[in-house]
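Input: one structure, supplied below.
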Amino acid sequence: DAGVIQSPRHEVTEMGQEVTLRCKPISGHNSLFWYRQTMMRGLELLIYFNNNVPIDDSGMPEDRFSAKMPNASFSTLKIQPSEPRDSAVYFCASSPPGASYNEQFFGPGTRLTVL
Amino acid sequence: DAKTTQPNSMESNEEEPVHLPCNHSTISGTDYIHWYRQLPSQGPEYVIHGLTSNVNNRMASLAIAEDRKSSTLILHRATLRDAAVYYCILRDVHSGGSNYKLTFGKGTLLTVNP
């Protein structure tokens, strides 16, 4: 079975450019999470969707970041405009319905470098 | 959120057992203990979770202290592939609130020597 799919795997862009990261959760999962990992801050939750609805976006750094989930099989995380401090690895994870403590399945991540 | 304390790093030899400790002295009665690990250049992956009783699965065992203030992840025979950062995380079992969150600390970096 395919796991969580993220694209691109690597992205290098210049400051000020728009960046769009994409995620396809595991089929049948109804919860989707975007995390960011940096050396300084570790792994942080950015936003959480349940049944395609954003539930908690308190971890989104600022207005330059936005996330959408137009349907159950696709989500995007957009940064506009990008800044060097946004350089990080961005992970998408999904979780099946049922118990709230179900395990989360992580994708391979997108390594973003903003020059 | 209840916090966990783990050693920054541990070393083990291949094919030997590894005991990774986690202290969570402020754990509440409804907190599940979860373990995830992150292999180099990969996303985190679930290892095991438990509430009160010891748990076993194909990857590892979880030993939970009787007072639940600490737990130990046990890898019975470490392999080179087990070299990773191991995270001990508490999650509230209640359906409300922020129980969906995985709050990652710094974890324990496990090095496995051949």
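Quick one: if the Förster radius is 45 Å, what FRET efficiency do residue B:51 and residue A:14 give, using the C-beta to C-beta distance and rounding to 0.05?
Working: r = 49 Å, r/R0 = 1.09.
Once the sixth-power term is evaluated, E becomes 0.40.
Just tell me how shielded B:37-49 is by partners: mean number of partner chain Cβ atoms within 10 Å of each residue's Cβ, no decimals.
4
Which value, in debye to the nearest 20, describes the size of the charge dipole of the range B:35-111 about its Cα centre when Lys and Arg Cβ atoms bear +1, Asp and Glu Cβ atoms bear -1, and nothing else is charged? List each step's numbers first, then the result.
Numbers: 9 positive and 5 negative charges, 29 e Å.
Roughly 140 debye for the range B:35-111.
In whole Å, what is the distance between the alpha-carbon centres of the range A:32-110 and the range B:36-114?
What the calculation gives is 21 Å, centre to centre.
Related question: Where nothing but the Cβ of Lys and Arg (+1) and of Asp and Glu (-1) is charged, how large is the charge dipole of the protein assembly as shown around its Cα centre, in debye to the nearest 20?
On the way: 20 positive and 23 negative charges, 42 e Å.
Charge dipole of the protein assembly as shown: 200 debye, to the nearest 20.
A short reminder: the numbers here are calculations on the coordinates, not readings from a lab. Predicted model, so just to flag it, every value in this text is computed and none were measured. In this analysis, Cβ positions are derived from the backbone assuming ideal geometry, glycine residues included, and neighbour counts consider all displayed protein chains.
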